[in-house]
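Take a look at the structure set out below.
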Amino acid sequence: MNYRFSNLLGAPYRGGNLLIHGDELLTPVGNRVGVVDLVQSTSHTLPFENLKQIRTQCISPSGALLLSIDEDGRALLINKKRRALLHHFSFKGPVSVAKFSPDGKFIAVGVGRLVQVWKTPSFEKQMCPMQLHRTYGQCHADVLSLDWSPCGRFLAVASKEIVARVFSLNPHKGYEPPVLAGHRDGIVSVFFSSVAMRKAAQVE
């Protein structure tokens, strides 16, 4: 008889970021990813295991690609819709945050004091699927949070040094990343405001 793994019961939540995409909640369950359908009130666990406990995860805007990263920086790239494992990859250090760009073409990750932007791999298996686009080393402490601008041309990055910086995805002549200082305590997160948020606040 053939048995197919469907769900993991009794495993506690031990940390890692939660994701909501559409009607689904994605949560780390040890070294696996659990998926909860918030409308149908059902759940299942993806049949892939990181080597250690998952620390961070991110999903592409289309919901097709899921990147799960364990506490040592080893990652799995998963075709979520087909439940197929595409690639193994190591960022060679603990990753604090990861996020796909709005167009899904890039992945930004915080590795210690560095911000790395990688080109998103294709759905086909390749010898070198992850290609580094740029590395930003201006932060003087570990990266805590990052966010893409709605246009995908800029990255806002917050670190433990209580400042935020705005980097450009591609080099622009004369552009110097602005430093947003003045916080009195540690920065919890950083965001670009969306069009919907600006309309709600009646800000042009």
Spin-label pair Asp103/Arg83, simplified geometry with 7 Å Cα→Cβ offset, distance in nm: 3.4 nm
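On a full-extension model of 0.36 nm per residue, what is the gain between Lys92 and Ala181, subtracting their alpha-carbon distance, rounded to one decimal in nm? Present the calculation step by step, with values, prior to reporting the outcome.
Details: separation 89, 0.36 × 89 = 32.04 nm, distance 2.99 nm.
Between Lys92 and Ala181, full extension yields 29.1 nm more.
Mind checking the alpha-carbon convex hull of the chain and giving the volume per residue in Å³? List each step's numbers first, then the result.
Values: hull volume 32.2 nm³, N = 204.
For the chain, the hull spanned by Cα atoms encloses 158 Å³ per residue.
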Region 34-43 - phi-based ³J(HN,Hα) in whole Hz, Karplus 6.51/-1.76/1.60, Gly and Pro as x: x, 10, 10, 7, 6, 8, 8, 6, 10, 8
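Viscosity 0.692 mPa s, temperature 37 °C: give me the Stokes-Einstein translational D for region 82-157 in µm²/s, with Rh taken as the Kirkwood radius over C-alpha pairs. Intermediate values should be presented prior to the final figure.
Details: Rh = 13.2 Å.
The Stokes-Einstein estimate is 249 µm²/s.
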Among Arg55, Arg74, what is the fewest-to-most ranking by other Cβ atoms within 10 Å? Arg74, Arg55
Straight-line reach from Lys99: which aspartates and glutamates have a Cα under 14 Å away, not including same-chain ones fewer than 8 places off? Asp147
When Arg83, Arg113, Arg184, Arg165 are arranged by how many other beta-carbons sit within 10 Å of their Cβ, fewest first, they go Arg184, Arg83, Arg113, Arg165
If amide hydrogens are placed 1.01 Å from N in the peptide plane, which non-local residues have theirs closer than 5 Å to the one on Leu86? Leu77, Ile78, Asn79
Aspartates and glutamates with Cα under 17 Å of Lys80, excluding same-chain neighbours fewer than 8 positions away: Asp23, Glu24, Asp37, Glu49, Glu124
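Read-outs: derived from the displayed coordinates by stated rules, not from any lab. Note that the structure is predicted; figures quoted are calculated from it, not measured. Neighbour counts are summed over all protein chains in view; Cβ atoms, including those assigned to glycine, are modelled from backbone coordinates with ideal geometry.
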